[in-house]
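Notes for the one structure printed next.
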Amino acid sequence: MACLARSVRAACAACAAVLLAIVAACGTLPGAGVTKGPGGPLPAQLPAQLQADRYAQAASRGDPVYRVDSGATLVTLTVRRAGSLARLGHDHIIASHSVQGYVAPKSGDADLYVPLAELSVDEPALRAQAGFDTQPTASDIEGTRTNMQDKVLEVQQFPHAFIRVRGASASALAAGTAPAAVTVTLHGTDRTLNVPLVLTMTPDGLTTRGALELKQTDFGITPLSILGGAVQVKNEVEVRFDIRALRLKSGDSVALTP
């Protein structure tokens, strides 16, 4: 039974991780390379799929452009156990502290990416906040992380998740919660979702917060189910996001990558 429980825990967290990129969708991503400015240095080579040129063009027009502050941004996914023998498994929480990207509020655009190899699994503080009533061992957590990256996300072949927002209404968001059409590219597949966002803007930055529930089956993922469904992963995944971005100043540059 111990081996069974360990397998269930690993598969559970793996399924959650596949959806993590989707949550990040409500953030803002770096599409071009910012050589200096808020949020820390960008990688020397950004993913080719990132649509960065629109932010360089927006900046050249004098439009406000914001860059995600990865250090102040958090996206979490909670995956819960289900079935009559659910006690054999654990609930899990997957997190990203590495969301990167740009947002242009005037046009309602945002582009971001998530380095999937940097996802964390079951950070103690996040498990405590979630109020979980079980505690996986360190070896279970490491096994979960390995299965998530190698067998589910295949990060060597698909190292990033990409999120794109087009034409969101900044004025509607500023007035309260408004839905935005978010396109997610994950594992070579695109999906467009309507995601409720709450946007708070200041002269120097913006914050996007929210929560939603995703179904794994909506993204072609079959939740783990064994023993005739007695041990299974719940199809619904709870998503919470808190995306912070800082406005680029006049001295900051947006440099396109080849």
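Anything in the stretch 206-239 that is loosely packed, with under 13 Cβ neighbours inside 10 Å and either among the basic types (K, R) or touching a residue at least 40 places away in the same chain (Cβ under 8 Å) (or both)? List them, or say none.
Across the stretch 206-239, the qualifying residue is only G229.
Can you tell me which residues in the stretch 165-176 are out of contact with any helix residue (DSSP H, G or I) (no Cβ under 8 Å at 6 or more places or on another chain) and either at pLDDT 75 or above or part of a loop (DSSP other than H, G, I, E, B) (or both)? Give the steps one after another, and end with the answer.
Keep residues of the stretch 165-176 that are out of contact with any helix residue (DSSP H, G or I) (no Cβ under 8 Å at 6 or more places or on another chain), which gives 166-176.
Hits for the stretch 165-176 are R166, G167, A168, S169, A175, G176.
Going by what's in this entry, would G62 be described as at pLDDT below 90, in contact with a helix residue (DSSP H, G or I) (Cβ under 9 Å, 6 or more places away or on another chain) and small (G, A, S)?
The answer is no for G62.
Right, V155: at pLDDT 85 or above and buried (at least 17 other Cβ atoms within 10 Å of the Cβ) or not?
Judged against the criteria, V155 is not a match.
Taking the condition of being farther than 21 Å from G220 by Cβ and touching a residue at least 24 places away in the same chain (Cβ under 8 Å), how many residues in the stretch 113-132 meet it?
Of the residues in the stretch 113-132, 10 are farther than 21 Å from G220 by Cβ and touching a residue at least 24 places away in the same chain (Cβ under 8 Å).
The values are calculated or read from the model by the stated rules, or taken from the named source; none is laboratory data. The model shown is predicted, which means the values in this text are computed figures rather than measured ones. Cβ: placed from backbone, ideal geometry, glycine included. Neighbour counts: every protein chain shown.
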